[in-house]
Amino acid sequence: MRRVRDRMDREYAQPLDVEALARGVHMSAGHLSREFKRAYGESPYSYLMTRRIERAMALLRRGDLSVTEVCFAVGCQSLGTFSTRFTELVGMAPSVYRREAAGAADGIPACVATRVTRPVRNREAQVGGPSLA
């Protein structure tokens, strides 16, 4: 399962699906999904989207790319799905996040900013969303 997770961490911007990931570790897609969820508490798709949103947050904080450019840069194929998933995990639309977070992490090491702004599932989200202030 670590090889699958590591591959998703490395190749998050590539088109990945459960079937391709399963072939890479000689499993069926169903078995991979069950075992991944058992090991990590979420489906492979959910894990991959969380990694993509995490990277998108970093790109949006930079402020030099549009939301559409960020969407495609992190491997999402649909702006609508990206925006919906981003809002679900972060608690605000990508455009709002870009506007509010741009420059907020200036002077903070990237590793700290990434940890502080890590996206969480709705059941874990705090009211008001992430804050760098």
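Since every read-out is calculated from the coordinates, none of them should be taken as a lab result. None of these values were measured; they are calculated from a predicted model.
Quick look at the values:
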{"item": "Alpha carbon convex hull of the range 45-85, volume per residue in cubic angstrom", "result": "55 Å³"}
{"item": "The range 7-16 - phi-based ³J(HN,Hα) in whole Hz, Karplus 6.51/-1.76/1.60, Gly and Pro as x", "result": "5, 5, 5, 6, 10, 4, 7, 8, x, 10"}
{"item": "Extension gain from Arg99 to Ser46, taking 0.36 nm per residue of separation minus the Cα-Cα distance", "result": "16.5 nm"}
{"item": "Prolate/oblate/rounded call for the range 1-42, Cα gyration tensor, a/c under 1.5 rounded", "result": "oblate"}
{"item": "For the range 28-88 and the range 1-21, distance of Cα centres in Å", "result": "11 Å"}
{"item": "Karplus-derived 3J(HN,Hα), 6.51/-1.76/1.60, for each residue of the range 64-78, Hz, glycine and proline x", "result": "9, 10, 6, 4, 5, 4, 5, 3, 6, 5, 8, x, 7, 9, 10"}
{"item": "Chain lengthening between Asp6 and Arg62 when straightened (0.36 nm per residue, less Cα-Cα)", "result": "17.6 nm"}
